[in-house]
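Please read the structure below before turning to the comments.
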Amino acid sequence: MLRLFLPFFLLVFSAHADDNHPRPFSDEADARAEVNAALARAAVNNIRTLIVFGANWCHDSRGLANHFAQEDMQTLLTENYELVWVDVGWRHRHLPLLRDMGAYTIYGTPTVLIIDPDIGLVNRDTMHTWHTAYSRDHADVVRYFQRMAFTRPAGGVVENSRTYARLVDQINEWEAREGARLSLAYLEMQNWREAMDEHYDRAGQDDESTRLVTEFQTVEAAIDAQRNRMRQDRSNLYTQARETVRDALFELGSNLTPELAEQLDASAPEIELDYPDYSARTWPWEEEGWAF
């Protein structure tokens, strides 16, 4: 019945997915217990925890699992990571766990978090980039996880300034607020999906069922568009923050030095980022009196 309302891109991808790719995600697993155990083992062994939030229906989640199944990656993972697979269903499962690990919501599957025992999440900039895992070159995948096994978050003069850090805090506040709304959309869509079971088979035969299924598909497509937009907006905000602080530094001097950053920080400049406004987007469950 699900095939009646799955987004078109999922149908296309599923048709081309390799059925031999692993299916490592389980909706019966106690994800929080598995993650906590992995974090504890990683701390004892002084290695990092690699948490993959994905689903077996997802072309790219299984694509990443297939990369991981190759001999070179097996060796790399065994030596450097505690690996945990977390099933997110239709992006509605284990969202509190995702937030606790350092991500405000899920934009696509898989979402990959790498946790260091001492410094926490180390791949904040790239954790949301694995929705193209199936098509990634295997050598690039290997290089990424080799690097992330030891790399510590760093940056240049701009990224290490307090001015930039304040802007990042503001971006985090924006993402936490908008991410909570997007996460609620995933949960409500799943509730709606389950409430509509009786209508799927009648779609095309019964007018009311057809209307409900069409409405569901329309909202689901809008949520897909919003999550992709928000992922891009998040990336744009970080770029905007770096460029704005860089330009402010160049107004003070021609060489980007720590001393110049200290001068900028001391002046406490008022920098305003151009945050996207999603207020015009309302979901059905945000309207008074709406019911499934």
Query raised in the report: Using DSSP loop states and a limit of at most 10 other Cβ atoms within 10 Å to flag GluC sites (Glu not before Pro), what is the longest stretch of the chain containing no flagged site?
Result: 29-269
**Report entry** Charged-residue dipole, Cβ positions (Lys, Arg, Asp, Glu), the chain about Cα centre, Debye nearest 20
**Finding:** 620 debye
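Could I get the Rg over Rh figure for segment 168-292? Both from C-alpha atoms, Rh via Kirkwood, rounded to two places.
Using Cα coordinates only, the ratio equals 1.23.
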Report summary line: Gyration tensor on Cα atoms of segment 73-131, a ≥ b ≥ c root eigenvalues, a/c under 1.5 rounded, else prolate if a/b beats b/c, else oblate, says prolate
Query raised in the report: Mind checking the dipole of segment 166-292: about its Cα centre, +1 per Lys or Arg Cβ, -1 per Asp or Glu Cβ, Debye to the nearest 20?
Result: 360 debye
Report summary line: Sorting Gln240, Leu95, Ala65 by the position of each Cα along the dipole of the chain (Lys, Arg +1; Asp, Glu -1; all at Cβ), the one nearest the positive end of that ordering is Ala65
**Report entry** Inter-part distance where segment 86-149 and segment 23-78 are each reduced to a Cα centre, Å
**Finding:** 10 Å
Report task. Tally up the carbon and sulfur contribution to the accessible surface of the chain as a whole percent, 1.4 Å probe, everything protein left in place. Result -> 48 percent
Report task. Note down the accessible area of Phe292, probe 1.4 Å, to the nearest 10 Å². Result -> 110 Å²
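Counting only DSSP beta bridges with both residues in the chain, what percent are antiparallel, rounded to the nearest 5?
That works out to approximately 45 percent antiparallel.
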Report task. Could you list the square roots of 5 times each eigenvalue of the Cα gyration tensor of the chain, that is, the equivalent ellipsoid semi-axes, sorted largest first and rounded to whole Å? Result -> 36, 27, 16
Requested in this report: With the cut-off at 16 Å, report for segment 132-205 the share of all Cα pairs above it, as a whole percent.
Outcome: 75 percent
Query - Among Asn66, Asn160, Asn228, residue whose mean-square fluctuation peaks in a GNM of the chain (springs only between Cα atoms under 10 Å) - result: Asn160
Report summary line: Yeah, segment 108-170 with a ≥ b ≥ c from its alpha-carbon gyration tensor (a/c under 1.5 is rounded, else prolate when a/b outruns b/c, oblate otherwise) is prolate
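The values are calculated or read from the model by the stated rules, or taken from the named source; none is laboratory data. For clarity, every value in this text was computed on a predicted model and none was experimentally measured. As a convention, Cβ positions derive from the backbone with ideal geometry for all residues, glycine included, and neighbour counts pool all protein chains shown. When the accessible area is computed, the model is the full protein with side chains, heavy atoms only, and any ligands, DNA or RNA have been set aside. Shrake-Rupley method; radii C 1.70, N 1.55, O 1.52, S 1.80 Å.
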